[in-house]
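**Student:** One structure coming up, written as structure tokens, with questions to follow.
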Amino acid sequence: MKDTYEREIDYMRLSITDRCNLRCRYCMPDGIELLPRDEILTLDEIELICKEAAALGIHKLKITGGEPLVRKDCVSLVHSLKRITGITQVTLTTNGVLLPEYAGHLRKAGIDGINVSLDTLDQEKYREITGFDALPAVLNGIIQSLELGIRVKVNAVLQRDMNEEEWKPIARLAATYPLDVRFIEMMPIGHGKSYETIANTVVLEKIQEEFGSVIRDESLHGNGPAIYYKIAGFRGSIGFISAIHGKFCSQCNRIRLTSTGQLKPCLCFGESISAKEAVRSGDLAKVRRLLEKAIRNKPGMHQFEQEAAITEKKDMSQIGG
Ligand code: SAM
Ligand code: SF4
């Protein structure tokens, strides 16, 4: 379905939990309040909403969180979403900690790709950013996923005076392994507001100085707004998701469903439409109308550059990125 700006909305991000096994300081620092369990949609409810979304032309789904793999039934959700008529792609965004345990199951369930969030290859910095010593598990999970033939992308958010120099070892992962690496600019949402955004233009310049010139990679890599480049000798591409320094709203193709059943037209604004009551009462025609409304209500663009205009108050762990 098209929104009022003639954008084809064919992608929905599903946050299936606000729980997480890490405490990334810019996303879900220690002490964050968790949502009551009965507020969280069941698997069946998520599936029913996705069926209605598919009927409206949403073909691609991304499962996110919190950390989706802490929800025990995540694999079976992948399995059932893959069977919905009209859904052509189901992917997952994870911190990777539980991938060694689940990669094989996800593969069997039919996962089409896994994005692993990884901001540093330095064990000490990893602990400082996430609160846990889980880097070896994450790296293991990436390697296992690749060995299983799963398409892997590594997503990194850089923070000044913490991991701003980690672009180099992280980018090098795309030289060593057949995976894409993407640098995501810090967005002023939730705890991200306390951190300065490092412009991706600067990261790209540094990458060129270090690895030589880059060539735009126009091939299709996924659902999103990333701009990709190839580097000679690299097995994967390097992508940049530049919400702040490269506004990509004219190509926005998505809506979001939070774990509590809120349909979110745009990450920047607090406006959301609850599909929870409709799905819980079995009124699927209403669920479809609410999805249509969420798509119609998509604003033309975000306003992350003007902090006063950002009305989203939820944490990123509740929205799913
Ligand atoms: N736990 C999973 C993970 O880490 O991939 C999925 C949820 S997490 C909220 C999704 C993505 O959002 C992660 O890549 C994380 O780095 C990113 N993220 C969280 N807060 C952010 C912020 N303020 N700006 C930009 N990205 C953010
Ligand atoms: Fe958890 Fe992902 Fe947020 Fe880190 S970015 S705290 S892994 S939800």
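**Student:** Would you mind classifying segment 158-275 by shape? Square roots of the alpha carbon gyration tensor eigenvalues, ordered a ≥ b ≥ c; an a/c under 1.5 is rounded, otherwise it is prolate if a/b is larger than b/c and oblate if not. List each step's numbers first, then the result.
**Tutor:** Working: a/c = 2.34, a/b = 1.64, b/c = 1.42.
It is prolate, given that a/c is not under 1.5 and a/b is the larger ratio.
**Student:** Please give the helix 43-55 orientation as an angle from the longest Cα principal axis of the chain, in degrees from 0 to 90, rounded to the nearest 10.
**Tutor:** The two axes meet at around 90 degrees.
**Student:** What angle, in degrees between 0 and 90 and rounded to the nearest 10, separates the Cα long axis of helix 284-296 from the longest principal axis of the Cα atoms of the chain?
**Tutor:** Between helix and principal axis, roughly 50 degrees.
**Student:** Using the 4.7 Å Cβ rule, please list in number order the cysteines from the chain without any candidate partner.
**Tutor:** If one checks each Cβ against the other cysteines of the chain, CYS20, CYS50, CYS74, CYS249, CYS252, CYS266, CYS268 turn up with nothing under 4.7 Å.
**Student:** Can you flag which of LYS2/LYS313; LYS82/LYS286; LYS168/LYS298; LYS2/LYS276; LYS82/LYS168; LYS108/LYS206 are past 32 Å Cα-Cα?
**Tutor:** Values: LYS2/LYS313 27 Å; LYS82/LYS286 23 Å; LYS168/LYS298 37 Å; LYS2/LYS276 23 Å; LYS82/LYS168 36 Å; LYS108/LYS206 39 Å.
Violating the 32 Å limit, Cα to Cα: LYS168/LYS298; LYS82/LYS168; LYS108/LYS206.
**Student:** Compare the Cα positions of LEU148, LEU118, ILE9 along the charge dipole of the chain (+1 at Cβ of Lys, Arg; -1 at Cβ of Asp, Glu; about the Cα centre) and return the one farthest towards the positive end.
**Tutor:** Checked the options; the winner is ILE9.
**Student:** Then there is this: Beyond 16 Å, how much of the Cα-Cα pair distribution for segment 189-230 remains, as a whole percent? Mind dumping the intermediate values first?
**Tutor:** On the way: 466 of 861 pairs.
Tail of the P(r) past 16 Å holds 54 percent of the pairs.
**Student:** I would also like to ask the following. Could you report the accessible area of TYR26 in Å², rounded to 10, computed with a 1.4 Å probe on the protein chains as they sit in the structure?
**Tutor:** About 40 Å², rounded to the nearest 10.
**Student:** With a 1.4 Å probe and every protein chain kept in, tell me what percent of the accessible surface of the chain is carbon plus sulfur. Could you put the intermediate results ahead of the total?
**Tutor:** Numbers: 6710 of 13520 Å².
Carbon plus sulfur share of accessible area: 50 percent.
**Student:** Here is a follow-up. Count neighbours as other Cβ atoms within 10 Å of each site's Cβ, and list the trypsin sites (Lys or Arg not before Pro) in segment 155-188 that are DSSP loop with at most 13 such neighbours. Walk me through the numbers on the way to the answer.
**Tutor:** Numbers: sites: ARG160, ARG172, ARG182; in loops: ARG160.
Here the sparse-neighbourhood loop sites are ARG160.
**Student:** Grab the Cα-Cα distance for SER281 and ARG216, subtract it from 0.36 nm times how many residues apart they are, and report the gain in nm with one decimal. Intermediate values should be presented prior to the final figure.
**Tutor:** Values: separation 65, 0.36 × 65 = 23.40 nm, distance 4.90 nm.
Full-extension gain reported as 18.5 nm.
**Student:** Mind listing P(r) for the chain? All alpha-carbon pairs, 20 Å bins, whole percents.
**Tutor:** 33, 61, 5
**Student:** Just to verify a number: what accessible area does MET301 come out at with the full protein assembly present, 1.4 Å probe, Å² rounded to tens?
**Tutor:** 110 Å²
**Student:** Charges at C-beta only: +1 for Lys and Arg, -1 for Asp and Glu. How large is the resulting dipole of segment 8-156 about its Cα centre, in Debye rounded to 20?
**Tutor:** Values: 18 positive and 21 negative charges, 90 e Å.
Here segment 8-156 has a charge dipole of around 440 debye.
**Student:** Could you rank THR176, THR85 by how accessible they are, 1.4 Å probe, largest area first? Write out the running numbers ahead of the final one.
**Tutor:** On the way: THR176 75, THR85 125 Å².
From most accessible down to least: THR85, THR176.
**Student:** Under the rule of -39500 (n - 2.57) per DSSP H run of 4 or more residues, summed and divided by the residues of the chain, what mean residue ellipticity at 222 nm is obtained, to the nearest 500 deg cm²/dmol? Show your work: numbers first, answer last.
**Tutor:** On the way: 10 runs with 98 residues, N = 321.
Result for the chain: -9000 deg cm²/dmol, rounded to the nearest 500.
**Student:** Provide, in order from the shortest bin, the percent of all Cα-Cα pairs of segment 225-265 in each 10 Å bin, continuing until the bin that contains the maximum pair distance.
**Tutor:** Percent of Cα pairs in each bin: 24, 32, 30, 12, 2.
**Student:** Classify segment 4-129 as rounded, prolate or oblate from the Cα gyration tensor: take a ≥ b ≥ c as the square roots of its eigenvalues, call it rounded if a/c is under 1.5, otherwise prolate when a/b beats b/c and oblate if not. Please report the intermediate quantities before stating the final value.
**Tutor:** Values: a/c = 1.71, a/b = 1.59, b/c = 1.07.
Note, shape of segment 4-129 comes out prolate.
**Student:** Counting only residues 5 or more places away or on other chains, whose amide H sits under 5 Å from the amide H of ILE16 once H atoms are built in the peptide plane?
**Tutor:** Amide H neighbours of ILE16, under 5 Å, 5+ apart: THR64, GLY65.
**Student:** On to the next question. To the nearest 20 Debye, how big is the dipole of the chain about its Cα centre, given +1 on the beta carbon of each Lys and Arg and -1 on that of each Asp and Glu? Display every interim value, and only then the final one.
**Tutor:** Numbers: 43 positive and 43 negative charges, 213 e Å.
Its charge dipole is roughly 1020 debye.
**Student:** Compute the whole-percent fraction of alpha carbon pairs in segment 250-321 spaced more than 15 Å apart. Please list the in-between numbers first.
**Tutor:** Numbers: 1378 of 2556 pairs.
Considering segment 250-321, 54 percent of its Cα-Cα pairs are separated by more than 15 Å.
The values are calculated or read from the model by the stated rules, or taken from the named source; none is laboratory data. Predicted, not measured: the structure shown is a model, and the values here were computed from it. With ideal geometry, Cβ positions are generated from the backbone for all residues, glycine too; neighbour counts draw on all protein chains shown. All accessible areas refer to the heavy atoms of the entire protein, side chains included, with ligands and DNA or RNA removed. Shrake-Rupley method; radii C 1.70, N 1.55, O 1.52, S 1.80 Å.
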